[in-house]
Amino acid sequence: MLPNILNLPNFEIHDMKESEYDYRFMVESINSQPTYCPKCGSVPNFYKHGKREQLFFDLPMHAKRVGLIIKRQRYRCRECEETFFEDLPDVDASRSVTNRLIEWIQQASLEKTFTSVAYDIGVDEKTVRNIFNDYVIELEAETEFRTPKWLGLDEVHLLKNYRFVVTDVKNKSVIDILRKRNKSVVIDYLSKLQDIDKVELVAMDMWRPYRDAVNMVIPHAKIVIDKFHVVQLANEALEKIRKTNRENVSARERRQLMRDRYVLLKRRKDLNDFDDQIKLQVWTDMFPLLGQAYELKEQFFDIYEAKSIDEAYKLYQDWLASVPDELMTYFSDLIKAISNWEEEIFNYFTSPITNAYTESLNRLIKTMNHVGRGYSFEALRAKILFTQGYRKVKRRKKFKDVEFTFGKMLPDQIPNFSKQEYEWVYEEVYGADFSTLIKAMDEASF
Ligand SMILES: [Zn+2]
């Protein structure tokens with residue numbers, strides 16, 4: 001017998017083989033005498049019925065994979081005639097791994113792809129995935145993010161599909177990322193939110209299933225279309241005109257126009273650079289229609305400076321009336337969006353909330369798509385939501401209500417209770433913090 005270098009006191013080691021990448025230990029369990037028959041439940045009335053070798057995987061050692069070949073005792077019951085294996089300590093018999101390897105896999109699969117985790121320890125990828133999925137269910141059960149007052153419903157393009165992202169607009173954090181963004185998924189998600197009455201405002205993009213789901217599940221909440229998504233349509237109108245005009249210019253000019261397009265998308269007040277002002281002038285002189293469209297874009301952005309909803313409506317009506325026929329087709333997506341989402345878009349002027357984290361979210365997703373190769377959607381999601389260090393946590397103090405009866409005591413006779421005695425502190429978790437996530441990416445520790 002070899003010394004127990006495995007540090008598994010319930011097993012004894014009979015032999016060990018070593019190759020370039022692997023260790024194989026021949027082991028048997030000690031003290032695993034069964035106390036009843038698992039088949040019929042009868043009291044011990046069985047005899048030993050041969051041994052079988054079964055392979056289990058354990059923690060890697062000296063950068064080699066470790067396999068335990070367990071000689072597992074079999075029994076036959078005299079009452080029911082059935083055979084059964086001894087129970088094994090410290091292992092998960094259904095997954096053929098040791099319990100401590102399960103913990104290791106749980107952590108490793110947040111750091112590496114399933115394929116590489118599987119390769120490192122010798123198990124197949126499916127085992128890693130199953131262990132990870134069980135772990136996510138466990139983590140979900142012990143995680144409760146606070147339902148925000150201002151709920152954000154977004155979408156991102158991640159691992160080749162559009163995903164549904166739920167955020168806390170005020171606290172700039174991610175609460176969840178779901179595989180799909182169709183109506184039934186959103187309804188299901190909203191229906192399961194705790195304290196849903198707390199939601200006052202919902203910021204979203206113009207995606208009909210979001211609106212339908214919110215109107216159905218939280219009809220009291222006011223929907224606000226993010227300003228960013230609306231003004232983006234004005235910029236897109238400009239892009240369309242630029243693309244139409246590129247057919248009418250030389251190849252050199254076309255490249256120049258492509259390079260200079262950022263000038264068209266900038267606000268006039270942000271064109272501080274004299275060079276940029278010249279560029280804008282050149283292009284709008286060359287293409288008067290582009291110049292006109294630039295003005296319309298600027299005027300549209302200005303609507304968002306309105307001080308009241310009435311003023312905003314008025315500015316928009318004036319703007320709409322000023323769009324010339326020849327530019328109508330370019331601005332039609334914007335105009336159509338406003339007619340389809342009028343109430344929700346103009347809600348901004350009474351409840352001016354905006355997803356200040358949009359840029360962070362886009363960067364986050366860009367990085368995830370980059371590092372995400374080989375990761376499953378679930379793994380990326382878990383990495384964001386369940387990494388403790390990414391969370392935004394606020395500690396709050398609460399004072400318990402304590403009733404005092406002081407009778408007719410004079411103020412200086414009232415006992416001086418220490419407030420600390422009656423306070424308790426609890427934590428509120430607001431999801432994964434955008435700025436912490438971005439920082440982790442900058443430090444390449446994501
Ligand atoms: Zn039996």
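Scanning region 74-98 for residues that are more than 46 Å from the chain's Cα centre (by Cα) and either surrounded by 13 or more Cβ atoms within 10 Å (Cβ to Cβ) or among the basic types (Lys, Arg) (or both) yields Arg74, Tyr75, Arg76, Cys77, Arg78, Glu79, Cys80, Glu82, Thr83.
Taken as a whole, the structure leaves Arg252 outside the set of residues that are touching a helix residue (DSSP H, G or I) at 6+ places or on another chain (Cβ under 7 Å) and assigned to a helix (DSSP H, G or I).
Just give me the residues in region 70-115 being within 16 Å of the ligand (Cβ to nearest atom), assigned to a strand (DSSP E or B) and not hydroxyl-bearing (Ser, Thr, Tyr), in sequence order. Please lay out each step first, then the result.
So the first thing to find is which residues in region 70-115 are within 16 Å of the ligand (Cβ to nearest atom), and the list is 73-87.
Subset that is assigned to a strand (DSSP E or B): 73-77, 83-85.
Once the filter is applied, which keeps residues that are within 16 Å of the ligand (Cβ to nearest atom), assigned to a strand (DSSP E or B) and not hydroxyl-bearing (Ser, Thr, Tyr), region 70-115 yields Gln73, Arg74, Arg76, Cys77, Phe84, Phe85.
Going by the conditions given, is Asp168 away from the ligand (no atom under 16 Å from the Cβ), more than 29 Å from Lys192 (Cα to Cα) and either out of contact with any Leu (no Cβ under 7 Å at 6 or more places or on another chain) or modelled with pLDDT under 90 (or both)? Full working, then the answer.
Working: away from the ligand (no atom under 16 Å from the Cβ): yes; more than 29 Å from Lys192 (Cα to Cα): no; either out of contact with any Leu (no Cβ under 7 Å at 6 or more places or on another chain) or modelled with pLDDT under 90 (or both): yes.
The answer is no for Asp168.
From the list Ile13, Ile5, the lone residue that is in a strand (DSSP E or B) and away from the ligand (no atom under 16 Å from the Cβ) is Ile13.
Out of Val199, Val217, report the one residue that is surrounded by fewer than 20 Cβ atoms within 10 Å (Cβ to Cβ) and over 16 Å from the mean Cα position of the chain (by Cα).
Checking each option against the conditions leaves just Val217.
Which ones in region 209-229 are part of a helix (DSSP H, G or I) and at pLDDT 95 or above?
Of region 209-229, the ones part of a helix (DSSP H, G or I) are 209-217, 227-229.
Matches in region 209-229: Pro209, Tyr210, Arg211, Asp212, Ala213, Val214, Asn215, Met216, Val217.
Checked against (1) at pLDDT 85 or above; (2) in a helix (DSSP H, G or I); (3) of a type in the set (A, V, I, L, M), Met368 passes all but a single condition, namely (1).
When region 86-103 is limited to residues that are among the hydrophobic types (A, V, I, L, M, F, W, C) and at pLDDT 95 or above, the one that is farthest from Leu385 (Cα to Cα) turns out to be Val91.
Asp226: crowded, with 20+ Cβ neighbours inside 10 Å, touching a helix residue (DSSP H, G or I) at 6+ places or on another chain (Cβ under 8 Å) and not β-branched (Val, Ile, Thr), yes or no? If you could, list the steps in order and put the result at the bottom.
Working: crowded, with 20+ Cβ neighbours inside 10 Å: yes; touching a helix residue (DSSP H, G or I) at 6+ places or on another chain (Cβ under 8 Å): yes; not β-branched (Val, Ile, Thr): yes.
It is true that Asp226 is crowded, with 20+ Cβ neighbours inside 10 Å, touching a helix residue (DSSP H, G or I) at 6+ places or on another chain (Cβ under 8 Å) and not β-branched (Val, Ile, Thr).
The set of residues from region 40-69 being within 16 Å of the ligand (Cβ to nearest atom) and not aromatic (Phe, Trp, Tyr) comprises Cys40, Gly41, Ser42, Val43, Pro44, Asn45, Lys48, His49.
Taking first residues from region 369-394 that are on the phi > 0 side of the Ramachandran plot and partners that are modelled with pLDDT of 85 or more, the Cβ contacts under 7 Å between residues at least 6 apart in sequence or on separate chains come to Gly374/Thr113; Gly374/Thr115.
The residue list Tyr348, Tyr375 contains one member that is surrounded by 19 or more Cβ atoms within 10 Å (Cβ to Cβ), under 26 Å from Leu178 (Cβ atoms) and at pLDDT below 90, which is Tyr375.
The values are calculated or read from the model by the stated rules, or taken from the named source; none is laboratory data. Remember, predicted model here, so these are calculated numbers, not experimental data. Backbone-built Cβ (ideal geometry, glycine too); neighbour counts: all protein chains shown.
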